[in-house]
Amino acid sequence: MKNNLLEMTVEELKLFAAEMGEKPFRGKQLFKWIHSGVKDFDYMTNLSEAFRRKLSEKAEITGVEIIGEQRDRSDGTRKFLYRLADGETVEGVFMKYKYGNSLCLSSQVGCRMGCRFCASTADGLIRNLTAGEMLDQVYESEKYTGEKINHIVVMGMGEPFDNYENLARFLRLLHDPEGKNLSYRNMTVSTCGIVPAMKRFSEDFASVNLAVSLHRLTDKGRSEIMPVNKSYPLEKLLKACREYTENTGRRITFEYALINGVNDGARDVELIKEKLGGMLCHVNLIPLNKVEENNFRGTGRKRAADIALQLEKSGVPATVRRELGAEIDGACGQLRRKSDLHIAP
């Protein structure tokens, strides 16, 4: 079995080069080629022909391939379907903002968290993504669009903290100054609320932004739509959120998908004020995208704006997420379930 060099750190590649009879600095050169998007050893021209031949025999650079796309021409949003080496597929969304381009990428094939409003969990968890497969979603998207990605959000398919070790390696590889050198402050990781991993994350990655999918603010109501709440109920979750802000000094973002008739009533708004008031946080209100696999419908943007105004007046910072990709399947997990996939012209 060949070594997949996309997974390796600079130090690991130095050791790998040394084991092949090369000077360790060749591993650093190899790292730079890989993280500039080059996957063919023949193009790594500052490596000797003999070394490139040995690399071809013992190593590979394997990640993802874009095989499907949906494009919203009104705002530049592009949703990609990535095929992995074993034939499985995941999704990512490329979004354009004034501050630069952002990629929302996946961390697992499927998901086992069981959130009722989410399309990604419909088939359960198939497998974790490797650090290289996460990383290559960034590199292949840059190559495909011809544009640099300045921000990443691990908020696509899967629960990132259910794949913590690969997530951590991915973040460190993306941050490495010899590679893409993306600032930790330009990275965001979203979780449905796995409390022990949140505590670990605050110690390992204090500068990376944390987003928590909240969606309801009673244990009964949240457990109905998010089974994870049975393991980590609201009191424990919100305590961990407060500890995160105290330990890192960084604001936490609460994702709140507005579901018509489920969590957008007057009492729901009062609970947000009561539970989140005084916390260093921001509430991101998201009118739910339609998902064919369930009967939920999103709250209208007018009502969403009204809720945001009420929260702002009470001292809880809130905004309604900008509507991007209105012409494409918005909910993550939907594109991979379609059979008529193609690369858009």
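The values are calculated or read from the model by the stated rules, or taken from the named source; none is laboratory data. Remember, predicted model here, so these are calculated numbers, not experimental data. With ideal geometry, Cβ positions are generated from the backbone for all residues, glycine too; neighbour counts draw on all protein chains shown. Surface areas here come from the heavy atoms of the whole protein model, side chains and all, with no ligands, DNA or RNA. Shrake-Rupley method; radii C 1.70, N 1.55, O 1.52, S 1.80 Å.
Observations on the structure shown:
- Compared with the dominant Cα axis of the chain, that is its longest principal axis, helix 164-175 is turned about 70°.
- Tensor-based shape of segment 1-103 (alpha-carbon gyration tensor, a/c under 1.5 rounded, otherwise prolate or oblate): prolate
- Rounded tilt (10° steps) of 301-313 against the dominant C-alpha axis of the chain: 80 degrees
- Candidates ALA119, ALA17, ALA304, ranked by Gaussian network fluctuation over the chain, Cα under 10 Å, top entry: ALA17
- Here, the chain is characterised by an Rg to Rh ratio of 1.00, where Rg is the alpha-carbon radius of gyration and Rh the Kirkwood radius.
- For ASP264, solvent-accessible area (1.4 Å; no DNA, RNA or ligand), Å²: 20 Å²
- Rounded to the nearest 10 Å², the accessible area of GLU7 at probe 1.4 Å: 40 Å²
- Which of GLY114, LEU81, ALA318, positive extreme of dipole for the chain (C-beta unit charges): ALA318
- Helix axis angle, 49-58 relative to the chain longest principal axis, alpha carbon, degrees: 50 degrees
- Farthest positive-ward along the chain dipole, Cα basis, beta-carbon charges - from ASN295, MET95, LEU280: LEU280
- The residues of the chain present an accessible area of 45 Å² per residue when probed at 1.4 Å with all protein chains retained.
- Accessible surface of HIS175 - all protein chains present, 1.4 Å probe, nearest 10 Å²: 60 Å²
- Among ALA131, ALA266, ALA305: highest mean-square fluctuation, GNM of the chain, C-alpha pairs under 10 Å: ALA266
- Alpha-carbon Debye profile of segment 106-231, log10 I(q)/I(0) at 0.10, 0.12, 0.17, 0.18 Å⁻¹: -0.33, -0.47, -0.89, -0.98
- Total charge dipole magnitude, the chain, about the Cα centre, Cβ charges on Lys, Arg, Asp, Glu only, Debye to nearest 20: 740 debye
- Considering helices alone, the calculated mean residue ellipticity of the chain at 222 nm is -10000 deg cm²/dmol, with DSSP H runs of length four and up weighted by -39500 (n - 2.57) and normalised per residue.
- Assuming charge only on the beta carbon of Lys and Arg (+1) and of Asp and Glu (-1), the dipole of segment 183-261 about its Cα centre is about 60 debye to the nearest 20.
- Nonlocal amide H pairs with ILE66, under 5 Å, H built at 1.01 Å: ARG83
- Among LEU237, LEU171, LEU15, residue whose mean-square fluctuation peaks in a GNM of the chain (springs only between Cα atoms under 10 Å): LEU15
- Computed over segment 1-146: relative contact order in percent, which uses C-alpha pairs under 8 Å that are six or more apart: 18 percent
- Each Cα pair under 8 Å and six or more residues apart adds its sequence gap; the mean of these over the residue count of the chain is a relative contact order of 16 percent.
- Size of charge dipole - segment 75-214 - debye, nearest 20, with Cβ of Lys, Arg +1 and Asp, Glu -1, no other charges: 380 debye
- Fraction of antiparallel bridges per DSSP, the chain only, in percent to nearest 5: 45 percent
- Listed peptides 218-230, 46-58, 188-200 by packing density, highest first (mean Cβ within 10 Å): 188-200, 218-230, 46-58
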